[in-house]
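The values are calculated or read from the model by the stated rules, or taken from the named source; none is laboratory data. Just so it is clear, the model here is predicted, and its values are computed rather than measured. Note that we place each Cβ from the backbone using ideal geometry, even for glycine, and neighbour counts take in every protein chain shown. Protein only, heavy atoms only, side chains kept; ligands, DNA and RNA dropped before computing areas. Shrake-Rupley method; radii C 1.70, N 1.55, O 1.52, S 1.80 Å.
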Amino acid sequence: MKHIIILGGDGYLGWPTAMYFSQRGYAVTVVDNYSRRNACTAIDVGMLYPVPTLQERAKIWHEKTGKEIKVVIGDLADPEVMRGFFDGRVRYDWAIDSTFSGIPETIVHYAEQPSAPYSLMNYKTASFTLSNNLLVTNNLMFAVRDFARDTHIIKLGTMGEYGTPNIDIEEGWLEIEHKGRKGKFLFPRQASSIYHTSKIMDTDLLWFGVRMWNLRVTDLMQGPVYGMETEESAIDSRLKTIFNYDEVFGTVVNRFITQAVVGYPLTVYGKGGQTRGYLNIDDTLQCVHMSEQTPAQAGELRIFNQIMETFSVSQLAELTAEVGKQLGYTVALKCIDNPRKEAEEHYYNPTYQGLIDIGVKPHYLTHEVMTGMFKLVAQHKNSIRKDVIFRGVRW
Ligand code: USQ
């Protein structure tokens, strides 16, 4: 049985990834310190529905499928917690068989503070974002260097690292000709939040590890993800992933659908021309799986742009309004003064072929997919809190 560890296994993507690999016969371990949940409580932004603890979810998963996902509650910013997964000191907080699972073939690294607005609430949240995201990555890099150089690291990066340059965005690398000589360099990066900047820095850390110690790293430059249900979470409603619709932790498509369901005018920031690449939560799982199946070589930092299609914010708002109206909702759009510093009219032409080349089959944001999301969100209509939808975290 191949062993895979999911760092950040309680998160929006971490838990669905854990079930996905478990269902496909892998030995899976998840680690998390609940920092996302705790941050939501601390800043009082509710989630759409309550989600059981990781231990409870692993228990439900076992009851329903007979499969085991081992759970560790711990802070990976502590190097000893990280190193325990490689030297056998790890203690499982939930497992059927608590003997050490051994060194993993693959590590999926989601254990980062993932929100741009959170990273810019104040100097403390900025500092937490930088220290957590960089320390966890550094601890992972050294643990792999010291114990398991063949372990493949799949790190979630973000398209926001590139910003919105006035040239086509390549997949991670750019050939440059300068004064008659040629070289290949990381594509220029210029993020527009502290969170996105921390992701540039962790790519640089791992690129250093690849050059120094021949580590194997895949960096998945992901766009904003939408969706709630995956094939595995459909097994039992208690297995659904966390779902934020608030300004700080919610991503735009999930937010717009929730706003439409509760009759809150869609919060289009600025002129709504901000164009990004988007993907369905099912495709995140496929992309991680295909990357795991075709690991990076020793000494390779392999970078994929993990998006399936691009939309401007206005296009997303119009699509949400169209589908909402078909379902009988009254949906209004409201352009509000953009709380973020970002270009609202810009060129955007990223390449995203690499993941398709290794076997990913894209899903698109069709009316049907959006209708499915509306129906799921509507089941929780009564618990949607309007006061968390827009508070105006500015930078
Ligand atoms: N936006 C609105 N109205 C809203 C919320 C967002 O117009 O109510 C706009 C934003 O201004 C932005 C775009 O929608 O231009 C996307 O915003 P988002 O909040 O969905 O996504 P973002 O802050 O960029 O971050 C999210 C995830 C992050 C991931 C990133 C991928 O939170 O973890 O890395 O998407 S990317 O954006 O490609 O960098």
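Set side by side, the residues 183, 209 differ, and just one is more than 14 Å from the ligand (Cβ to nearest atom), farther than 27 Å from residue 356 by Cβ and part of a strand (DSSP E or B), which is 183. Selection over the stretch 88-107 of residues that are open to solvent by less than 60 Å² (accessible area, probe 1.4 Å) and either under 18 Å from residue 136 (Cβ atoms) or over 25 Å from the mean Cα position of the chain (by Cα) (or both) gives a count of 8. Close contacts from the stretch 41-59, counting a first residue that is assigned to a loop (DSSP other than H, G, I, E, B) and a second that is open to solvent by 30 Å² or more (accessible area, probe 1.4 Å), with Cβ to Cβ under 6 Å and a gap of 6+ residues or different chains, come to 46/385; 48/380; 49/380; 52/238.
Within the stretch 249-266, the residues that satisfy the criterion of being within 9 Å of the ligand (Cβ to nearest atom) and either within 24 Å of residue 112 (Cα to Cα) or open to solvent by 10 Å² or more (accessible area, probe 1.4 Å) (or both) are 249, 250, 251, 252, 253, 254, 255. Just one of the numbered conditions (1) farther than 25 Å from residue 270 by Cβ; (2) open to solvent by 40 Å² or more (accessible area, probe 1.4 Å); (3) of a type in the set (Phe, Trp, Tyr) is not true of residue 347: (1).
Do you know which of the residues in the stretch 1-47 that are open to solvent by 10 Å² or more (accessible area, probe 1.4 Å) and in contact with a Lys or Arg (Cβ under 6 Å, 6 or more places away or on another chain) is nearest to residue 80 (Cα to Cα)? Filtering first and then ranking leaves 11. The single condition among (1) touching a strand residue (DSSP E or B) at 6+ places or on another chain (Cβ under 6 Å); (2) open to solvent by 10 Å² or more (accessible area, probe 1.4 Å); (3) not small (Gly, Ala, Ser) that residue 65 does not meet is (1). Within the stretch 108-122, if we keep just the residues that are polar (S, T, N, Q) and part of a loop (DSSP other than H, G, I, E, B), the residue that is most open to solvent (accessible area, probe 1.4 Å) turns out to be 122.
Listed here are the residues, each with its yes/no results for (1) outside any loop (DSSP other than H, G, I, E, B); (2) under 30 Å from residue 217 (Cα atoms).
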residue	(1), (2)
287	yes, yes
297	no, yes
302	yes, yes
315	yes, no
347	no, yes
361	no, yes
368	yes, no
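Being in contact with a strand residue (DSSP E or B) (Cβ under 7 Å, 6 or more places away or on another chain) and either closer than 23 Å to residue 280 by Cα or of a type outside the set (Lys, Arg) (or both): is that true of residue 222 here? Spelling it out, residue 222 is indeed in contact with a strand residue (DSSP E or B) (Cβ under 7 Å, 6 or more places away or on another chain) and either closer than 23 Å to residue 280 by Cα or of a type outside the set (Lys, Arg) (or both). Out of all the residues in the stretch 315-326, is one or more open to solvent by less than 30 Å² (accessible area, probe 1.4 Å) and touching a Gly at 6+ places or on another chain (Cβ under 7 Å)? Yes: one or more hits. Of all the criteria given as (1) part of a helix (DSSP H, G or I); (2) closer than 25 Å to residue 23 by Cβ; (3) not aromatic (Phe, Trp, Tyr), the one not satisfied by residue 230 is (1).
Conditions (1) within 15 Å of the ligand (Cβ to nearest atom); (2) of a type outside the set (Ser, Thr, Tyr); (3) in contact with a Ser or Thr (Cβ under 6 Å, 6 or more places away or on another chain), marked per residue:
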site	(1), (2), (3)
76	no, yes, no
85	no, yes, no
102	no, yes, no
109	yes, yes, no
117	yes, yes, no
134	no, yes, no
143	no, yes, no
148	no, yes, no
158	yes, no, no
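Within the stretch 268-279, track down each residue that is open to solvent by less than 10 Å² (accessible area, probe 1.4 Å) and within 7 Å of the ligand (Cβ to nearest atom). Passing the criteria: 268, 272, 274, 277.
The sole residue among 236, 282 that is surrounded by fewer than 21 Cβ atoms within 10 Å (Cβ to Cβ), closer than 23 Å to residue 380 by Cα and in contact with a His (Cβ under 6 Å, 6 or more places away or on another chain) is 282. Scan the stretch 123-167 for residues that are outside any helix (DSSP H, G or I) and open to solvent by less than 60 Å² (accessible area, probe 1.4 Å) and the total you get is 13.
For the stretch 280-296, which positions are over 26 Å from residue 117 (Cβ atoms) and either within 12 Å of the ligand (Cβ to nearest atom) or among the polar types (S, T, N, Q) (or both)? Those that are over 26 Å from residue 117 (Cβ atoms) and either within 12 Å of the ligand (Cβ to nearest atom) or among the polar types (S, T, N, Q) (or both): 286, 291, 293, 294.
Of the residues making up the stretch 195-207, just one is open to solvent by 50 Å² or more (accessible area, probe 1.4 Å) and either in contact with a helix residue (DSSP H, G or I) (Cβ under 7 Å, 6 or more places away or on another chain) or on the phi > 0 side of the Ramachandran plot (or both), namely 201.
Going by the structure shown, is residue 230 within 16 Å of the ligand (Cβ to nearest atom) and β-branched (Val, Ile, Thr)? No, not satisfied.
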